[in-house]
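Structure, as structure tokens:
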């Protein structure tokens with residue numbers, strides 16, 4: 001249980017880091033500290049507080065939070081290595097560690113190479129992957145997951161829901177990639193009005209920035225349709241399953257907040273707080289959709305010892321069953 | 001023992017390579033002036049005088065919030081400088097010979113042009129420099145600045161100056177009008193430099209006045225550049241010892 005609480009804290013810290021990263025981009029502070037990994041020649045952690053002025057406040061704070069999250073993920077990976085019986089969960093820890101290290105390097109070289117769009121977009125996109133990995137670890141170490149949400153009977157193996165939820169998660173991530181591209185190519189105000197585009201449903205004029213911006217708006221509609229489909233399916237067919245209803249409703253609420261923030265970002269001429277909240281809420285939509293997707297597939301993780309848990313059959317903790325399950329509490 | 005010496009030699013080479021050459025930026029050594037092929041003949045050189053007019057009412061200068069840095073805030077109120085107008089004349093317009101000099105080569109001054117960061121503002125805001133001429137970027141403020149140049153044809157650079165009095169030297173190698181400078185620490189700080197392979201340029205001052213002197217006789221394309229209003233060009237012919245008047249009018 002302690003491991004789960006810690007994993008949740010790591011996931012929350014990662015969300016905070018994404019918000020801080022959003023602030024850096026939204027305030028145009030990405031190059032306010034020209035060197036890396038040092039800060040104006042100082043070792044990162046000894047940089048004087050009184051020198052954190054202007055854009056440095058955002059960029060240096062982002063670096064400090066990133067270093068802290070990196071350290072937290074190192075501890076998480078080691079903790080999983082030492083105490084987690086399921087190999088696939090341990091592997092998630094390793095992947096998260098590798099991803100956060102890569103993310104740090106991407107963050108460094110994007111500064112040293114003056115924010116090239118591909119690197120900056122990759123940095124923004126990998127941040128979401130790191131967040132998803134920490135959320136997945138938090139979910140996998142949760143008591144509910146361990147007992148396979150068996151309080152109300154066995155989890156349904158609903159293939160339609162699994163497919164729709166998976167598609168929703170994929171589309172949300174794709175939408176975030178388009179958003180990151182829009183953000184880093186400075187296309188956020190390429191269409192200056194909302195909900196129309198230059199007063200029309202379809203932009204009357206086109207260039208690359210308008211196309212990226214419009215793709216993000218169309219993406220929002222597609223994501224909304226899939227979220228409604230997923231949520232509707234859960235509410236109609238699995239209303240008694242709290243573990244599915246809760247993330248579905250949360251997903252719907254977050255989506256509503258996200259669309260509102262997207263509109264406000266345009267209408268406020270990209271106010272940096274609104275813009276950054278849009279980024280972190282997008283990450284929350286993705287994480288919630290991922291949780292729902294994984295829960296719909298929970299039965300696949302332990303039926304007859306799937307490849308996931310067979311891989312973890314070399315149990316390190318005898319308190320867990322053959323599939324890494326606490327015997328007294330459920331299956332896995 | 002021989003193996004040990006070889007190891008030492010290899011290590012020395014590796015360390016030398018690793019520690020050297022990481023920064024190709026010229027820190028302080030001015031570039032030597034190139035061979036002078038076609039010096040200006042002062043017996044025949046003319047000049048071009050004129051002014052930059054602005055038609056229309058420019059937007060009122062806005063007070064810049066500089067609360068993000070206590071030092072900058074203490075330097076007093078600062079206003080936007082997009083349109084600096086006096087007596088109907090527009091300041092901070094870069095005027096230069098865009099075409100007509102043919103293959104003439106001109107001496108490159110070794111005296112650096114100074115771009116100062118003073119009172120959390122770039123001084124000057126608009127200026128010119130020759131390719132090969134050293135640019136000295138100075139921090140006169142007791143706060144941190146970064147100098148981020150974003151050229152299209154020259155090499156981009158971003159340098160931090162964390163202490164008052166720090167200097168950084170840079171040399172542009174390719175003509176480019178204009179190269180923007182930004183401070184990402186203080187997002188209100190902007191400057192532009194026109195980089196040319198000749199000395200025939202000026203920046204409009206009070207009343208929009210400008211003067212380009214020592215111009216060899218010839219027919220030239222003169223361009224005027226403003227940070228918000230773009231560019232305008234005119235043709236002009238300068239005869240021996242002739243002083244021509246030329247004015248540009250930007251409209252809002």
Report summary line: Taking the range B:92-109 and keeping only residues that are in contact with a strand residue (DSSP E or B) (Cβ under 7 Å, 6 or more places away or on another chain) and part of a loop (DSSP other than H, G, I, E, B), one is left with B:92, B:93, B:100, B:108, B:109
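Which of the residues spanning the range B:149-174 are under 24 Å from residue B:91 (Cβ atoms) and not in a strand (DSSP E or B)?
Looking only at the range B:149-174, we keep the residues that are under 24 Å from residue B:91 (Cβ atoms), and these are B:149-151, B:172.
Answer for the range B:149-174, where residues must be under 24 Å from residue B:91 (Cβ atoms) and not in a strand (DSSP E or B): B:150, B:151, B:172.
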Query - Selection from the range A:28-42 of residues that are more than 7 Å from chain B (Cβ to nearest Cβ) and over 28 Å from the mean Cα position of the chain (by Cα) - result: A:42
Query raised in the report: Can you tell which of A:54, A:21, A:70 is within 14 Å of chain B (Cβ to nearest Cβ) and either at negative phi or touching a residue at least 24 places away in the same chain (Cβ under 8 Å) (or both)?
Result: A:54
Query raised in the report: Which condition breaks for residue A:62 when tested against (1) away from chain B (no Cβ under 14 Å); (2) under 20 Å from residue A:129 (Cβ atoms); (3) touching a helix residue (DSSP H, G or I) at 6+ places or on another chain (Cβ under 8 Å)?
Result: (1)
Query raised in the report: Looking only at the range B:49-98, which residues are within 14 Å of chain A (Cβ to nearest Cβ) and under 25 Å from the mean Cα position of the chain (by Cα)?
Result: B:64, B:66, B:72, B:75, B:78
Report summary line: Per the list (1) within 14 Å of chain A (Cβ to nearest Cβ); (2) touching a residue at least 24 places away in the same chain (Cβ under 8 Å); (3) more than 13 Å from the chain's Cα centre (by Cα), residue check on residue B:187 breaks on (2)
Report task. Evaluate the range A:165-186: report whether one residue or more is free of Cβ contacts under 8 Å to residues at least 60 places away in the same chain and part of a loop (DSSP other than H, G, I, E, B). Result -> yes
Query - Unmet criterion (only one of (1) buried (at least 17 other Cβ atoms within 10 Å of the Cβ); (2) more than 14 Å from every other protein chain (Cβ to nearest Cβ)) for residue A:94 - result: (1)
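Please pick out the residue among A:74, A:95, A:69, A:89 that is part of a helix (DSSP H, G or I), closer than 20 Å to residue A:173 by Cα and in contact with a helix residue (DSSP H, G or I) (Cβ under 8 Å, 6 or more places away or on another chain).
Numbers: A:74 fails: closer than 20 Å to residue A:173 by Cα; A:69 fails: closer than 20 Å to residue A:173 by Cα; A:89 fails: closer than 20 Å to residue A:173 by Cα.
Within the list A:74, A:95, A:69, A:89, the selection yields A:95.
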**Report entry** Given (1) surrounded by fewer than 22 Cβ atoms within 10 Å (Cβ to Cβ); (2) assigned to a strand (DSSP E or B); (3) within 14 Å of chain A (Cβ to nearest Cβ), index of the condition residue B:146 fails
**Finding:** (1)
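Just need a number here: residues in the range B:217-250 that are part of a strand (DSSP E or B), touching a residue at least 60 places away in the same chain (Cβ under 8 Å) and within 12 Å of residue B:94 (Cβ to Cβ). Steps first, answer last, please.
Taking the range B:217-250 as the starting set, the residues that turn out to be part of a strand (DSSP E or B) are B:218-226, B:230-238, B:243-250.
If we keep only those that are touching a residue at least 60 places away in the same chain (Cβ under 8 Å) too, we end up with B:218-226, B:233, B:236, B:238, B:243-250.
In the following step, the residues that additionally are within 12 Å of residue B:94 (Cβ to Cβ) were identified as B:222-226, B:248.
Residues meeting the conditions: 6.
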Report task. Look through the range B:43-82, keep the residues that are touching a strand residue (DSSP E or B) at 6+ places or on another chain (Cβ under 7 Å) and not in a strand (DSSP E or B), and return whichever of them is farthest from residue B:141 (Cα to Cα). Result -> B:45
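Please determine whether any residue of the range A:173-194 is out of contact with any helix residue (DSSP H, G or I) (no Cβ under 9 Å at 6 or more places or on another chain) and either modelled with pLDDT of 95 or more or over 26 Å from residue A:122 (Cβ atoms) (or both).
The initial filter retains those residues of the range A:173-194 that are out of contact with any helix residue (DSSP H, G or I) (no Cβ under 9 Å at 6 or more places or on another chain), namely none.
The answer is no; no qualifying residue exists.
The values are calculated or read from the model by the stated rules, or taken from the named source; none is laboratory data. Everything quoted here is computed from the prediction, not taken from an experiment. Positions of Cβ are backbone-derived with ideal geometry, glycine not excepted, and every protein chain shown enters the neighbour counts.
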